[in-house]
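Encoded as structure tokens, the structure appears first; notes follow it.
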């Protein structure tokens, strides 16, 4: 506090100069959480768009990896079409089914086609004892392999 000087001397009342309040500390956590939430929602949105456009879960890039289940399934499907005996074809189908179980759930299209081979194999085993009913099961199994092979591009 200080006293101002007027024309006749010091003023009677002291004048106080207001002090500014100390700066408030602002937490950064709300900004960090909001930024994280925005980034996370952006990632989910882009993933969803990728799935809609057909770019998600497999595709050509999966088949280029020689160790992937899809690549080996494509090889089995191509080889099975040249099989000469019923037991060879069934053996390929059993190997194929084991590989299909290794596919991740995101590979919906590949899983569906793999299930078609598995269903044809089940039909083969179900009708195996009845010659009249089993006559269509081997061609169905071969057809499932052909459909899968067509997806592989071979």
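The values are calculated or read from the model by the stated rules, or taken from the named source; none is laboratory data. As the structure is a prediction and not an experimental result, all values here were calculated from the model. Virtual Cβ from ideal backbone geometry, glycine too; neighbours counted across all protein chains shown.
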Hey, residue 150 hits all of (1) over 23 Å from residue 50 (Cα atoms); (2) at pLDDT 80 or above; (3) in contact with a helix residue (DSSP H, G or I) (Cβ under 7 Å, 6 or more places away or on another chain) but one; which does it fall short on? (3)
Out of the range 114-136, which residues are modelled with pLDDT under 70 and in contact with a helix residue (DSSP H, G or I) (Cβ under 9 Å, 6 or more places away or on another chain)? 126, 127, 128, 133, 134, 135, 136
Given the criteria more than 30 Å from residue 148 (Cβ to Cβ) and either surrounded by 10 or more Cβ atoms within 10 Å (Cβ to Cβ) or modelled with pLDDT of 75 or more (or both), does residue 79 qualify? no
Being at pLDDT 75 or above, within 27 Å of the chain's Cα centre (by Cα), part of a helix (DSSP H, G or I) and within 30 Å of residue 138 (Cβ to Cβ), is that true of even one residue in the range 32-48? no
